[in-house]
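Worksheet: the structure to be examined is printed underneath.
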Amino acid sequence: MQLLYITRSYPPTVGGMEKVNFYLSKELQKRIPTKILAWSGSRKLLPWFLFKSFFQSLLIIYRDHVTHVHLGDALLSPLGLLLKWLSKAKVTVTVHGLDVTYDKFAYQRIVPYCLKQLDAIICISRATMNECTKRGVDEKKCHIVYWGVYPDEFKISASKKDLENIVEHELSQKKVLLTVGRLVPRKGVSWFIENVLPKLKNDYLYLVVGDGSERENITEVIAKNRLENRVLLLGKVDDDKLKIIFNTADLFVMPNIPTENNIEGFGLVLIEACSAGLYAIASDMEGIRDAVLSERTGTLVKPLDTEGFVNAIDRNTTHDREDVRNETVSNFSWNKTAGSYIKIFSKV
């Protein structure tokens, strides 16, 4: 087996898709001969990458006797279909969620059509697979493979004092809730601050790591509810600080809310937090369901259920962090993920 891995999202650009494409491609490279054709530049220049990579891919396929081409996301499926037509290579693709639900007329006409013609569709959750089959993709072609974590990537020794140095607040009498992610409406941060936090005791402090279009609205909600002393917007933080936060917060909160054509494909940051031993309280919806091992690594709550979140948080502030960590790393690993991909490649 000779593999060509094509992705439009790759480091040094920072993001969830960039991270998983990097980890997966490198893990595959350890196991089978793999060429990586990646784009890490501006989205504005993406058409140039697609044009250039078409010819580069054909060259690599014929020069290196490539038998399998894997695409990093569904947007690349038209490129994959052209390569399938023009070569004998088998073509597979990872579908994340938003890359299949993107609500533009032309996109919804082209991408699902192309997906249907490829040899295998690897979905990162059951919710993502459902979105594919709703658009006519043959369920028999679909496979569910979850993202993974490295066992020791986020686990470090840290104390509340280390966290105090980051947030510049005294925390000895506080229970720290944490949300990490891009600040967009579907993440539910504004809803959580306005509806859930006021019903929790004053000893809860809510940390929000990340940035995005929703930040201004979140700031207004904090001010309107006079919660400036109970919510800290930390913005983007570096990896070293994130590890400290993961290892010293009390609960991870993922309060996503339903947003049309804008699904949460999986919840990679949730399993990353759990791999540091942090128990999760999360919305029971979309791909998040697949990232939570119910009542072992987290508790699932009906979306927009204020009392449900309040009760789940109040009864889960104490957990054996090592149990949460062990459950997570034994069920979600890049070793397992890469092995599943290779099995799929070998069967198409």
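General observations
- Qualifying residue in segment 10-19 (condition: in contact with a His (Cβ under 8 Å, 6 or more places away or on another chain), at pLDDT below 95 and not assigned by TED's automatic domain parsing to the domain that holds residue 286): yes
- Identity of the residue in segment 231-262, touching a helix residue (DSSP H, G or I) at 6+ places or on another chain (Cβ under 6 Å) and at pLDDT below 95, that ends up farthest from residue 183 (Cα to Cα): 261
- Counting only helices (runs of 4 or more DSSP H) that sit wholly inside segment 4-102, those with at least 3 residues that are more than 20 Å from residue 122 (Cα to Cα) are 46-63.
- For segment 276-309, a residue qualifies if it is surrounded by fewer than 19 Cβ atoms within 10 Å (Cβ to Cβ), over 19 Å from the mean Cα position of the chain (by Cα) and not small (Gly, Ala, Ser), and the qualifying residues are 295, 296, 302, 304, 305, 306, 307.
- Residue, surrounded by the most Cβ atoms within 10 Å (Cβ to Cβ), within segment 310-324, restricted to residues that are at pLDDT below 95 and of a type in the set (S, T, N, Q): 316
- Scope segment 163-188; condition surrounded by 13 or more Cβ atoms within 10 Å (Cβ to Cβ) and more than 17 Å from residue 251 (Cα to Cα); matching residues: 166, 169, 182, 183, 184, 185, 186
- On inspection, residue 3 qualifies as under 17 Å from residue 348 (Cα atoms) and not aromatic (Phe, Trp, Tyr).
- Output for segment 256-275, where each listed residue is crowded, with 24+ Cβ neighbours inside 10 Å and of a type outside the set (A, V, I, L, M, F, W, C): 256, 264, 265, 267, 272, 275
- Test set (1) surrounded by fewer than 18 Cβ atoms within 10 Å (Cβ to Cβ); (2) closer than 18 Å to residue 267 by Cα - residue 192 fails condition number: (1)
- In the set (1) surrounded by fewer than 16 Cβ atoms within 10 Å (Cβ to Cβ); (2) in contact (Cβ under 8 Å) with a residue 40 or more places away in the chain; (3) of a type outside the set (D, E, K, R), residue 344 fails one condition alone, (1).
- Look at (1) closer than 19 Å to residue 199 by Cα; (2) within 17 Å of the chain's Cα centre (by Cα) and you find that residue 334 fails only one, number (1).
A quick yes/no check of all residues on (1) aliphatic (A, V, I, L, M); (2) in contact with a Cys (Cβ under 8 Å, 6 or more places away or on another chain); (3) at positive phi:
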residue: 274; (1), (2), (3): no, no, no
residue: 280; (1), (2), (3): yes, yes, no
residue: 294; (1), (2), (3): no, no, no
residue: 297; (1), (2), (3): no, yes, no
residue: 300; (1), (2), (3): yes, no, no
residue: 308; (1), (2), (3): no, no, no
residue: 324; (1), (2), (3): yes, yes, no
residue: 328; (1), (2), (3): no, yes, no
residue: 346; (1), (2), (3): no, no, no
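- Taking the conditions (1) surrounded by 15 or more Cβ atoms within 10 Å (Cβ to Cβ); (2) small (Gly, Ala, Ser); (3) closer than 23 Å to residue 307 by Cα in turn, residue 210 satisfies each one other than (3).
Residue-by-condition table, conditions (1) modelled with pLDDT of 95 or more; (2) within 24 Å of the chain's Cα centre (by Cα); (3) under 23 Å from residue 324 (Cα atoms):
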{"position": "107", "(1), (2), (3)": "yes, yes, no"}
{"position": "112", "(1), (2), (3)": "yes, yes, no"}
{"position": "145", "(1), (2), (3)": "yes, yes, yes"}
{"position": "168", "(1), (2), (3)": "no, no, no"}
{"position": "174", "(1), (2), (3)": "no, no, yes"}
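- Residue 260 vs. criteria under 30 Å from residue 100 (Cβ atoms), part of a helix (DSSP H, G or I) and of a type in the set (Asp, Glu): no
- In this entry, residue 192 passes the filter for residues that are among the aromatic types (Phe, Trp, Tyr) and closer than 17 Å to residue 225 by Cβ.
- Only strands (runs of 3 or more DSSP E) whose full extent lies in segment 136-250 are considered here, and the ones with at least 2 residues that are outside the structural domain of residue 284 (by TED's automatic domain parsing) are 142-144.
- Taken over segment 1-45, the criterion of being among the charged types (D, E, K, R) and surrounded by fewer than 19 Cβ atoms within 10 Å (Cβ to Cβ) is satisfied by 19, 26, 30, 31, 43, 44.
- Listed by first and then second residue, the pairs linking a residue in segment 69-92 that is in the same structural domain as residue 132 (by TED's automatic domain parsing) and of a type in the set (Lys, Arg) to a residue that is assigned to a helix (DSSP H, G or I) and at pLDDT 95 or above, with Cβ atoms under 9 Å apart and 6 or more places separating them unless they lie on different chains, are 84/117; 88/61; 90/84; 90/345.
The values are calculated or read from the model by the stated rules, or taken from the named source; none is laboratory data. All values derive from a computational prediction rather than experimental measurement. When we count neighbours, we look across all protein chains shown, and the Cβ atoms used for this are built from the backbone with ideal geometry, even at glycine.
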